[in-house]
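The structure appears right after this line, and notes come after that.
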Amino acid sequence: MSKKPKITENPVVETGNAEEQDVEENGPGHAPAEGDADPPGAEAALTAERDRLAAEKTELQDRFLRAQAEFQNFRKRAEKERLEFTEYASTEAVRALLPILDDFERALKSESADREFQKGMELIHQRLYDSLKRLGLEPLEALGKPFDPHTHHAVEMSETDSAPEHTVLDEYQRAYNFKGRLLRPAMVKVAVAPAAKEQDGVR
């Protein structure tokens, strides 16, 4: 009599694949071993992004340096213009006072019967002259000097043998420099050689 095969009451049935078993063993958030590696092209993308940021940084630094240099140049120009404007304004103010200085000098050349009045005029003239001199006014002597077209303006020519030709014989208006620059030329009379006399009807 033959034996019957033994039947197991609780057979073990294997279900699912290796990935499902891995999830069961390591938890639902764990990726397969193959997923731990960077995707293809990720390193190249990072390199390109790094190069782009480096180039952008260099460009921004260059723009900043240019803007800084332009600002410094602007400051220098503004300061130069301010100084030039200040000098121009003071020059014009001093120029406007020269006729008053001339009037004082002409008045002081005239004798006055009132000595106190004369002393008062001299004092005012001296204070005005000293104030202008501190600002940079400088008188230029012309009398007896050779004629200089840069600082002299000839308003009269006089034939004479008593002085070399082109010598300043008289000064009608004094010349002045202001801060090293000519503010006003002198108005002068200049000597010229006498014309040759007629001899035997021939010049």
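Derivation of every value follows stated rules applied to the coordinates shown; laboratory data play no part. For clarity, every value in this text was computed on a predicted model and none was experimentally measured. A quick note on method: Cβ atoms are made from the backbone with ideal geometry, for glycine too, and the neighbour counts reach across all protein chains shown.
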**Prompt:** Which FRET efficiency, nearest 0.05, do ALA154 and ASP102 yield, Cβ-Cβ r, R0 25 Å?
**Reply:** 0.85
**Item:** Inter-centroid distance (Cα atoms) of the range 145-197 relative to the range 73-88, Å
**Value:** 37
**Asked** How far, in nm, would the chain grow between GLU87 and PHE74 when pulled straight, counting 0.36 nm per residue and subtracting the alpha carbon separation?
**Response** 2.7 nm
**Message:** Given all pairs of different Cα atoms, what value in angstroms does the Kirkwood hydrodynamic radius of the range 138-196 take?
**Reply:** 11.5
**Item:** Residue order, fewest to most surrounding Cβ atoms within 10 angstrom, among TYR129, TYR176, TYR88
**Value:** TYR88, TYR129, TYR176
**Complete:** With 0.36 nm assigned to each residue of separation and the Cα-Cα distance removed, LYS109 to ALA193 gains 27.2 nm
